[in-house]
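Worksheet: one structure, shown below.
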Amino acid sequence: MRNARHRLTLQQRPDPGASAVSCRRRLDLSRRGDGNRSTRRTVPSESENPMSEGGTTLSIALVGTRGVPARYGGFETCVEEVGTRLAARGHRIRVYCRRNADNPETPAHYKGTELVYRPALKRRTLETLSHTGLSVAHLIAHKTDAAIVFNAANAPYLPAIRAAGIPVATHVDGLEWQRAKWGRAGRTYYRWAESTAVRWSDALIADAEGIREYYRTEFDADTQLISYGAPRIADRSDRLGEVGLASGEYYLVVARFEPENHVDLIVDGYTRSGAQKPLVVVGSAPYSDAYTRLVNALADDRVRILGAIWDQELLDQLYAGAYVYLHGHSVGGTNPSLLRAIGASTATMAFDVGFNREVLGDTGEYFADPESLAILIDRAEATPEAVRARAELTGARAAAYDWDAVADAYEQLARRLASRELVRPPRRLVARRASAPAVPVLETQEVERS
């Protein structure tokens, strides 16, 4: 139930001064989750929803993602779910989308949102920045009341957006610099981009408590905690036959093939078990043939690698029909794949990091290496009743991740940006870690979800 007494106030934090201790270190967030605490989210109450009181409509730009429909990751899912809801409330939502061979169709609108297409260089190190740069150029020429930039990697464009007089919030994502795919230069860039986002954003958004804590510790910067939502997925299985599967008769992993998502560890752990049910692997590696070869080399004849699946209906049925969902993500904050699994009421085993414990709590089971995963899988094979009980408990967790509440929080944030309540004076180019003035504190009375 939503707490009608929820309130949101603004307070400027004082400069902690030169005596603050530098925190140049890599945070180990792997055990920071607390599975037994109540899940809490920062959302406005219904009485504070300005649209419910006849508030004016806003024009809002959503910048820095691949666009909609969502076919890739968490940012795109958030843009679709939030953008379409805000458009349905009467706001003018502009979504910047990538135009390339993988996305040849360019409709002008999608579920009430306006779509603007810009190309991107097809290189891993330049794809995001090249597309966002062209998007920002369009945004500056066609201003909106507020802008939300997704991905701290896009921080170099924040000064231009601010100079154009457009209030901007940055969704900072996970700890991208910890990904193995980035070399030394890439990791250095992402660390610099984080500090630039802190310095030049009018507000910061984090989707997980671990990310919020990281920015508070590293930069003394407060963020607004707005997690993703969990879609409620119906228990349907009429299309599973298309891929030769039956409901309740397979394990499932859905992930991009990247080291931090531990697809190789999951396949390795599964093949060490005595499981009779097959393992179905959905995903691909657009920039890593070597990792794909590694995953294939670890598989045995019980493992079925289906590649990427863009058919959302079929993918939802795979989630809902899985005996157990195996989740290996470790650095990206709250992950939409995990939320989709709990929305499908599917028992879940997850890699043991705080982000995953924050979502699953004590309804999940956790592994850290192939050996511990093999033990969990063997136990699941032997105790189907326990698996079904955990599936019911997992499904109940989805109530704490509601896309309507997420849209409420983004709407209120956009209103505060547009009203200049959150707009900050110009700052130096980058922030000093743990000694720079933080972004404005969004003091909240957080809402507990049952």
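The values are calculated or read from the model by the stated rules, or taken from the named source; none is laboratory data. Remember, it's a predicted structure, so these values are computed and weren't measured experimentally. Cβ coordinates were reconstructed from backbone atoms using ideal geometry, including for glycine residues, and neighbour counts include every protein chain displayed.
Just to be sure, is Thr128 assigned by TED's automatic domain parsing to the domain that holds Cys78, under 29 Å from Gln412 (Cβ atoms) and at pLDDT 95 or above? So Thr128 fails the test.
Is it fair to say Ile305 is assigned to a strand (DSSP E or B) and at pLDDT 95 or above? Answer is yes for this residue. Residue count for segment 335-381 under the criterion of being part of a loop (DSSP other than H, G, I, E, B), touching a residue at least 60 places away in the same chain (Cβ under 8 Å) and under 14 Å from Glu260 (Cα atoms): the result is 4. Among the residues examined, Ala398 qualifies as within 26 Å of the chain's Cα centre (by Cα) and either modelled with pLDDT of 95 or more or not in a loop (DSSP other than H, G, I, E, B) (or both). The single condition among (1) free of Cβ contacts under 8 Å to residues at least 24 places away in the same chain; (2) part of a loop (DSSP other than H, G, I, E, B) that Ser284 does not meet is (1). Residues that are farther than 25 Å from Gly186 by Cα, surrounded by fewer than 17 Cβ atoms within 10 Å (Cβ to Cβ) and not hydroxyl-bearing (Ser, Thr, Tyr) do occur in segment 83-91. Filtering Arg416, Arg388 for residues that are under 17 Å from Ser247 (Cα atoms) and at pLDDT 95 or above leaves a single hit, Arg388. Of the residues making up segment 222-244, those that are under 15 Å from the mean Cα position of the chain (by Cα) and either surrounded by fewer than 16 Cβ atoms within 10 Å (Cβ to Cβ) or not in a loop (DSSP other than H, G, I, E, B) (or both) are Gln224, Leu225.
So, of the residues in segment 275-297 that are surrounded by fewer than 19 Cβ atoms within 10 Å (Cβ to Cβ) and of a type in the set (A, V, I, L, M, F, W, C), which turns out to be farthest from Arg123 (Cα to Cα)? My answer is Ala297. Listed conditions (1) within 26 Å of Asp207 (Cβ to Cβ); (2) free of Cβ contacts under 8 Å to residues at least 60 places away in the same chain; (3) surrounded by fewer than 18 Cβ atoms within 10 Å (Cβ to Cβ) are all met by Leu129, apart from (3).
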